[in-house]
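This report concerns only the one structure given below.
Just so it is clear, none of the values below were taken in a lab; they were calculated from the coordinates. This one's a predicted model, so the numbers in the text were calculated from it and none came from an experiment. Neighbour counts are summed over all protein chains in view; Cβ atoms, including those assigned to glycine, are modelled from backbone coordinates with ideal geometry.
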Amino acid sequence: MRSPFILTAILFLSFYTPTSAALLKQNDALSILEFKSKADLHNKLTYSVNTTSTHCKWQGVQCQSHGKVVRLVLENLSLAGVFAPNTLTRLDQLRVLSLQSNSLTGPIPDLAGLVNLKTLFLDHNSFSGAIPPSLSSLHRLRTLDLSYNKLSGLIPLDFTDLDRLNYLRLDSNRFNGSIPPFKQSSLQIFNVSFNSLTGPVPVTPTLANFTASSFSANPGLCGEIVRTECSSIGPFFGKNSTAAPPPPPRVVLGQSAQMQEGITNPNSRKHKRMALIFGFTAGVLVLISSIMCLLISMKTSEKKEIMSSSEIMEMAAAADAAAEVMRMEETNELEEKVRKLQQGMAMGKSGNLVFCAGETQVYSLEQLMRASAELLGRGSVATTYKAVLDNRLIVCVKRLDAARLAGTTKETFERHMEAVGGLRHPNLVPLRAYFQAKEERLLVYDYQANGSLFSLIHGSKSTRAKPLHWTSCLKIAEDVAQGLCYIHQAWRLVHGNLKLSNVLLGSDFEACLSDYCLSALSHRLPDADSAAYEPPETRKLNHQPTAKSDVYSFGVLLLELLTGKAASEHPHLMADDDMVKWVRSARENGGVEAEAEDRRLMMLVEVAILCRVSSPEQRPTMWQVLKMIQEVKEGGVEEEEEGPNE
């Protein structure tokens, strides 16, 4: 039953027949009066309706020139009631709504009608229940404060789509579940403390800007941002996993909606195979010819090392001439092979380019196969190419070694790539897409133009290696540790092949891990380049890498950073004190550090020594390693702020 106050207002509005503009004003007035009837049980608001006054002069109400309400601020008024649905939500021009510091109870109503709302303060009340889904549809929202209520349930994942949001406070409620991966660069104020949230805090560039205080008093949270190790997280995938999340949605080029839902038609796929096979065959032949050129250049490089400079120049010229002749002789042969393969190759070798969850289809398989390819190098797991597509997009394509992946089924490979494709961290090179057809497997990553950490430290053969400045070593070590910590804690995976050549430099020269999490699919074969990074327990042929073996590899990498010496040159059986002396000696050529710098340098050496102990049980976790590195960094900042002692 409506209250007498509302009935009076309705009777007044029914007998008064204004113009159309005035009617709009009275609709806003009626919406506010209906809100008052449910929220203001103690009659704190002295609103009245008569012919001489306007609602635009009511307490806390601000209107546009035509009388539509754009701002309603009712704060600290001891309003004790409920926020009734279909009341204030009819104020379709409302920009600012603040009901903070009252005693309102019950659920927050559907706010979908507030299409122009930019600021919403509902904090310091007693609202309960879940966040209404309609809040996620208010795309003009910049400020949202729901703190200090009794709200429960999950934080809506769709909040990550509010791309104008710069202020979000959900602290001091009863929310549970995980924190969505907020990615809005505009977000400046963020707080979810004092709730019941659980799981790893997503390491996004946005959330990484906030300190642990924004997440405090959530005992179930873990991860590098809150500096708590995620020790209780189960495996991300596996036969015996019961807590594994469902695989993320995939975007598959070349499939209809029905096929992506699992309804396949073998006959319809036959028409696609012919189109795919020609581009694929050409791509394979380009890869083979590039590998042949690489082998020739490698043999030439070996000979150069033992010759004089004049002989090298002569040999290089002769090699270039020979290579040119070989290319001319091979052209007709390669063209003939392409024609034969296009005409007679079996139709069974076809596949789809699968984009990882959340990725946009920016190119097709045909465009990828038509791309001009440049061989970047051949590693222990894959051969890497720089591919320039016809839309000028540059990507990095890794062609996985079929021998190392022998026995890996299509389903196993696909499931693992879905997991790896979901990893997103500022210190990981993101996997964008993958392709498989029979034994052919390709991975597509972002191209990193600044090269690898190996090239930065060791340079070319004509450039003598020189240790980096200790601050650069510290920054790179922290970047690599953060990437590893994310892989270990948030996903319970392992890198498995950590070395300088698998650390690339991003656009801001941040260290980004590549070739991560592929060891679970590959057979371990003898590899001279990686042997120096392997701990004792994984040097057996069938022993798979673990998180603790990644820690050992990190220790080797850190010593390589500090000394500029290749991992194969590092002493293995050496006392800690002797190791410190060896590092100091190796850095003398790069200049002598000041006493304070030397002390922090030696602290990094101690971290490397701890990581390289023989027993995996005695090694720290990557989270502990990251903490130690950050303590070295924070100690340096404190010394700079304090200045020299006088």
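Measuring r between the beta carbons of Arg164 and Ile394 and using R0 = 35 Å, the FRET efficiency lands at 0.65.
Working from the alpha-carbon coordinates of segment 349-486, get Rg over Rh, Rh being the Kirkwood radius. List each step's numbers first, then the result.
Working: Rg = 16.9 Å, Rh = 16.9 Å.
Here Rg/Rh amounts to 1.00.
For Val395, Val69, the sequence from fewest to most other C-beta atoms within 10 Å is Val395, Val69. Cross-link pairs exceeding 31 Å between alpha carbons, from the set Lys36/Lys118; Lys398/Lys627; Lys118/Lys150: Lys398/Lys627. Charge tally around Val192: other residues with Cβ under 13 Å, Lys/Arg +1 each, Asp/Glu -1 each, net 0. Simple point charges give the picture: +1 on the Cβ of Lys and Arg, -1 on the Cβ of Asp and Glu, and for segment 4-222 a dipole about the Cα centre of about 340 debye.
A simple spin-label model places the labels of Asn450 and Thr198 3.9 nm from each other, with each point 7 Å out along Cα-to-Cβ. For segment 555-561, putting each phi into the Karplus relation 6.51 cos²θ - 1.76 cosθ + 1.60 with θ = phi - 60° gives couplings of x, 5, 4, 5, 5, 5, 4 Hz, in residue order, rounded to whole numbers and with x for Gly and Pro.
Name the residue from Pro85, Cys222, Ala29 whose Cα lies farthest towards the positive end of the charge dipole of segment 4-222, charges +1 on Cβ of Lys and Arg and -1 on Cβ of Asp and Glu. About the Cα centre, the residue reaching furthest to the positive side is Ala29.
Of the Cα atoms belonging to segment 374-444, the radius of gyration and Dmax stand at 12.8, 36 Å. Neighbour counts of C-beta atoms inside 10 Å place Cys356, Cys230 in the sequence Cys230, Cys356, starting with the fewest. Between Thr46 and Phe509, the modelled label-to-label distance comes to 6.8 nm, taking each label 7 Å out from Cα in the direction of the beta carbon.
Among the trypsin sites (Lys or Arg not before Pro) found in segment 534-572, those both in a DSSP coil and sparsely packed, with 16 or fewer other Cβ atoms within 10 Å of their Cβ, are Arg539, Lys540. Note on Ile189 and Lys581: the model spin-label points, each 7 Å out from Cα along the C-beta direction, lie 5.9 nm apart.
Considering only the other residues whose Cβ falls under 14 Å of the Cβ of Ser98, what net charge follows from Lys and Arg at +1 and Asp and Glu at -1? Mind showing how you got there, number by number?
Values: positive: Arg71, Arg95, Lys118, Arg142, Arg169; negative: Glu75, Asp123, Asp145.
Local net charge: +2.
Residues whose amide H falls under 5 Å from that of Phe190, counting only those 5 or more places apart or on a different chain, are Leu168, with hydrogens built in the peptide plane.
Given in Å, the Rg to one decimal and the Dmax to the nearest whole number for the Cα atoms of segment 4-222 are 18.9, 63. Once you list every other residue whose beta carbon is under 13 Å from the beta carbon of Arg227, what net charge do they have if Lys and Arg are +1 and Asp and Glu are -1? Around Arg227, the charge tally is -3. This ranking places Ser128, Ser65 by how few other beta-carbon atoms lie within 10 Å of each, fewest first, which gives Ser65, Ser128.
Stick to the Cα atoms of segment 532-586, pair each with every other, and give me the Kirkwood hydrodynamic radius in Å at one decimal. Spell out each step's value before the answer.
Numbers: mean 1/r = 0.0830 Å⁻¹.
Roughly 12.1 Å, rounded to one decimal.
A Stokes-Einstein calculation at 4 °C with viscosity 1.567 mPa s, built on the Kirkwood radius of segment 164-234 over Cα pairs, returns a diffusion coefficient of 107 µm²/s. Give a residue-ordered list of calculated ³J(HN,Hα) values for segment 74-86 (Karplus: 6.51 cos²θ - 1.76 cosθ + 1.60, θ = phi - 60°; whole Hz; x for Gly, Pro). Residue by residue, segment 74-86 yields 10, 10, 6, 10, 6, 5, 10, x, 10, 8, 6, x, 6 Hz.
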